[in-house]
1. Please list, in chain and number order, the residues 5+ apart from S168 or on another chain whose amide H is under 5 Å from its amide H, with Hs placed from the backbone.
2. Roughly how far apart, in whole Å, are the Cα centres of segment 289-365 and segment 149-185?
3. Using a 1.4 Å probe, what is the accessible area per residue for segment 505-597, in Å²?
4. Semi-axes of the equivalent ellipsoid for segment 156-283, please: Cα gyration tensor eigenvalues, times 5, square-rooted, ordered largest first, whole Å.
5. Please work out the average accessible area per residue across segment 119-161, using the 1.4 Å probe convention, and give it in Å².
6. Binning every alpha carbon pair distance of segment 213-325 at 5 Å from zero, what are the percents per bin?
7. Measuring with a 1.4 Å probe in the full set of protein chains, what accessible area per residue, in whole Å², belongs to segment 221-351?
8. Quick one: pull the percent of accessible area on segment 183-236 belonging to carbon and sulfur, 1.4 Å probe, ligands and nucleic acids left out.
Amino acid sequence: MTSRRERTATRRLRSAVLALTTAVTALAGAIAPVGPFGSFGLAGLVPPTYAAFGASISSGGSAWAAGGWSTRPLLTAGANSTAGTALPASLFEPTFRRTGLSYASVSMGSGFGCGVATSGELACWGTNGFGQLGTRSTAGGTASTPEVVGTGWDSVDVGTYSACAIRSGNGTLWCWGAMGVGYGLLGNGSGGGSTRPVQAGALTGWARVSVTNLSACAVRTDGTRWCWGANETGAFGNGAVSNVPARSPVRADAYTDWLDVRMSLAGGCGLRRAGLYCWGMNPFGSVGAAGAGSTQLTPLLVSREFVEYDFAGNNGCGIKADATLWCWGMGMLNRNGGGDEADAPLPRRLGAGRDWRAVRVTPAYTFAVDSTGTVWAWGGAAAAAGPASGFTQSAYAGLGATPVARLSAPGSATLQPAENTGFALLGAVDWVAGPPVTALPATPAGNATTVPGAAEVGTRFRVTSAQQLVGVRVHRASESVSARTARVWRADGTLLATLSFHPSPVASDGVGSWLYATGTPVDLAPGVDYVVSYTVPAGAQVEAEAGASATPHANGPLTLPPGWGVTGTVPGAMPTGPAPGDAGYAVDPVLLNPVTP
């Protein structure tokens with residue numbers, strides 16, 4: 001039996017986790033594809049003191065009110081990204097929305113979301129193909145506004161086909177959805193689904209639940225961890241795999257000090273008092289621990305130092321007590337933030353020089369908030385191939401390491417887990433990032449010119465007010481971007497930054513498309529000349545338009561003065577000579593565009 005002291009400690013720990021999760025739902029988490037499904041339960045415009053942005057996520061929020069609106073409104077935004085582009089101009093364009101209830105916590109899955117209001121009401125919205133709204137007698141249809149499931153709830157988590165929630169008071173666990181899916185996702189002993197909540201087992205005292213596509217795990221107040229559903233890939237971390245689903249919660253291990261658990265498609269991570277442990281499939285170093293096998297069937301220690309973490313199947317990140325940020329796992333599309341697209345089987349540090357407060361990982365993007373309240377994002381997205389077939393690698397929406405918002409009060413927001421791609425911001429914000437500012441036309445009228453010897457080509461530019469450069473884009477001619485870096489210079493020859501092209505400049509990116517190099521933003525001052533450049537190997541082609549750089553370009557604070565096209569014969573050195581024939585090269589600085597909500 002759990003002592004009062006242990007129950008009190010558990011409650012405090014849950015409060016601390018929520019507070020950390022409140023240290024950023026200004027960002028949020030559990031995502032859902034945007035489309036005709038009403039995934040966000042939108043019900044009118046939000047007042048200008050709230051903002052949401054990004055690719056499609058859920059959010060909880062801070063107890064903050066303005067203009068007579070209720071506290072903790074849910075703010076969400078759709079993904080405006082375009083498949084096949086590296087950094088779509090509308091990706092960060094803010095959208096302001098709210099739902100009618102005042103939410104304490106929210107989670108979103110594939111096309112639907114659920115939230116627990118401050119009043120204890122549980123509501124869901126979005127698509128109902130598997131009965132996952134929990135409010136209707138049959139599966140099917142959609143709800144564009146929240147439908148109330150019931151009252152007296154403490155928390156909720158949703159996956160792809162189902163959702164589970166914990167009742168306040170007795171801590172019983174209830175699940176619904178999964179109609180036609182099977183796999184015992186409801187945890188009630190049956191293999192079927194339900195359009196209404198059913199109790200998962202007879203146990204009480206549940207503290208935390210995490211649901212993914214075909215399995216789920218939960219932690220009780222006694223520190224034990226339990227799982228149910230499919231375990232074909234070692235998702236339970238119980239030392240075994242099985243083709244027979246567990247239709248009721250089963251004890252996953254003998255530990256009694258579990259504090260939290262977060263599941264993904266083929267594994268999970270969780271905090272014990274002894275540290276952060278992960279398990280499951282490990283093709284890219286996803287487990288993040290030394291000695292992990294191709295499939296790690298039992299929890300393996302990642303670090304004893306993490307106080308905040310998140311995990312999304314192929315990737316994980318954690319923040320240590322010294323406020324440093326560390327990530328591991330798949331490198332493709334810069335998912336682990338390393339910039340080199342190399343897998344990281346062990347945690348490696350990111351964002352040195354900043355103190356980090358919260359982090360959330362999705363299968364495509366990662367979001368983190370630093371001590372100044374600035375929200376950062378990196379990674380890329382794979383195009384969804386459908387809820388049953390997972391993801392393909394055919395289309396990208398690369399972010400690099402880019403600031404996307406600044407919170408007025410960094411500790412007033414909440415960052416929550418995400419299942420798919422995207423995020424939402426809740427709370428008071430100073431700005432969110434709008435469409436990036438560029439200077440050159442979207443489709444250059446130039447020609448692909450072969451260079452006889454290696455060359456560094458670039459563009460000279462100025463800004464009329466203090467700005468941040470967040471990337472460099474290059475219009476691709478055949479083989480014109482074989483190097484993996486772009487460079488940012490002050491015109492006196494000082495190298496300010498090297499940026500990585502993302503996604504990788506390979507033939508499949510296509511001739512005639514814009515490629516983006518991104519990395520740590522560079523502060524720019526007015527009245528100073530700058531140069532952005534990249535290397536063209538000998539015999540390769542570069543996009544060049546004769547006479548183009550004789551014409552200046554201007555877009556807001558960004559100006560390209562006459563003679564903006566520059567070139568040099570030393571690869572990796574700042575190009576200083578005027579381009580032959582006053583040519584203009586399709587090398588364009590990309591500036592951050594903060595929008596005040």
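1. W153, D154
2. Measuring centre to centre over Cα atoms gives 28 Å.
3. Numbers: 3510 Å² over 93 residues.
Computed with neighbouring chains in place, this is 38 Å² per residue.
4. Details: eigenvalues 82, 64, 26 Å².
Those come to 20, 18, 11 Å.
5. Working: 1390 Å² over 43 residues.
Computed with neighbouring chains in place, this is 32 Å² per residue.
6. Spelled out per bin, shortest first, that is 2, 14, 25, 26, 20, 10, 3, 1, 0.
7. Numbers: 4600 Å² over 131 residues.
Ligands and nucleic acids excluded, the result is 35 Å² per residue.
8. Numbers: 690 of 1440 Å².
Reported share for carbon and sulfur atoms: 48 percent.
The values are calculated or read from the model by the stated rules, or taken from the named source; none is laboratory data. Keep in mind that this is a model prediction, so the values were computed, not measured. When the accessible area is computed, the model is the full protein with side chains, heavy atoms only, and any ligands, DNA or RNA have been set aside. Shrake-Rupley method; radii C 1.70, N 1.55, O 1.52, S 1.80 Å.
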